[in-house]
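Chemist: Here it is, the structure in full.
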Amino acid sequence: VKRAGAAIRRAGTSDLDALTALWLECAADHAAFEPLFTLRPGAEACMRRVLAAQLADLDAAFFVHESAGGIDGFCSARIDRAPPIHPETLRAEITDVSVRAASRRRGIGRALVAAALEWARAREVARIEVRVVSGNALGQQFWRALGFDAFVDVLHRRL
Ligand SMILES: CC(C)(COP(=O)(O)OP(=O)(O)OC[C@H]1O[C@@H](n2cnc3c(N)ncnc32)[C@H](O)[C@@H]1OP(=O)(O)O)[C@@H](O)C(=O)NCCC(=O)NCCS
């Protein structure tokens, strides 16, 4: 874990190609258990634009893990604001985390999330959320191992 943490840095626009490739891999993983995540033709160019916008967003941050073979994992987070109705007006959300299959189970995912949590804490955020597909057994185990618990159930139905 210590080694994984040492190879983590904040990402910038020069990482756009690597982030796009990793994001597409993550989407392909998800498409395997949920057809809603299937990629359309042209998805790559579209996602590249979405990621470029997120990279430019001051309320968002990307972290990458770099090993000899290049970037093999990333995590993105953003800050959300709410009107002053409830005590909490600021929260963070992990928008994506993905580690290349060959690099998994070495603490990289954990270290990437730790970097995102540190970033959020430094911005006075006291709570962070993540959306994880119910059928993503790997993701479910990962988030629970990192101390995350179920909070809101998102229910859906076909029309
Ligand atoms: C989820 C993911 C990011 C984890 O990355 P990783 O670098 O392998 O994770 P780590 O090595 O830091 O694992 C941290 C802990 O999570 C749990 N965990 C991770 N992979 C697991 C697996 N295959 N089975 C059971 N528990 C697992 C373990 O408790 C692990 O701690 P341990 O290795 O000390 O037992 C990676 O598997 C991935 O990219 N999956 C596909 C994309 C995805 O589903 N992302 C999450 C969507 S919300």
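Quick note: the coordinates plus some simple rules give every number you see, no bench work behind them. Keep in mind it's a predicted model, so treat the numbers as computed, not measured. Because the Cβ atoms are built from the backbone with ideal geometry, glycine has one as well, and the counts that use them run over all protein chains shown.
Chemist: Mind grabbing the base-10 log of I(q)/I(0) for the chain at q = 0.10, 0.13, 0.16, 0.19 Å⁻¹? Debye formula, identical points on the C-alpha positions, no solvent, two decimal places.
Modeler: -0.37, -0.65, -0.99, -1.38
Chemist: Treating only the Cβ atoms of Lys and Arg (+1) and Asp and Glu (-1) as charged, compute the dipole magnitude of the stretch 96-159 about its Cα centre; round to the nearest 20 debye. Please report the intermediate quantities before stating the final value.
Modeler: Values: 12 positive and 6 negative charges, 62 e Å.
Once rounded to the nearest 20, the dipole reads 300 debye.
Chemist: At a 10 Å Cβ-Cβ cut-off, how would you order ASP96, ASP149, fewest neighbours first?
Modeler: In order of increasing Cβ crowding within 10 Å: ASP149, ASP96.
Chemist: Restricting to Cα pairs below 8 Å that are 6+ residues apart, what does the relative contact order work out to for the stretch 9-111? Please round to a whole percent.
Modeler: 24
Chemist: Pull out the extension gain between ASP17 and ARG49, defined as 0.36 nm times the separation in residues minus the alpha carbon to alpha carbon distance; nm, one decimal. Walk me through the intermediate numbers first.
Modeler: Working: separation 32, 0.36 × 32 = 11.52 nm, distance 1.09 nm.
Taking ASP17 through ARG49 to full extension adds about 10.4 nm, to one decimal.
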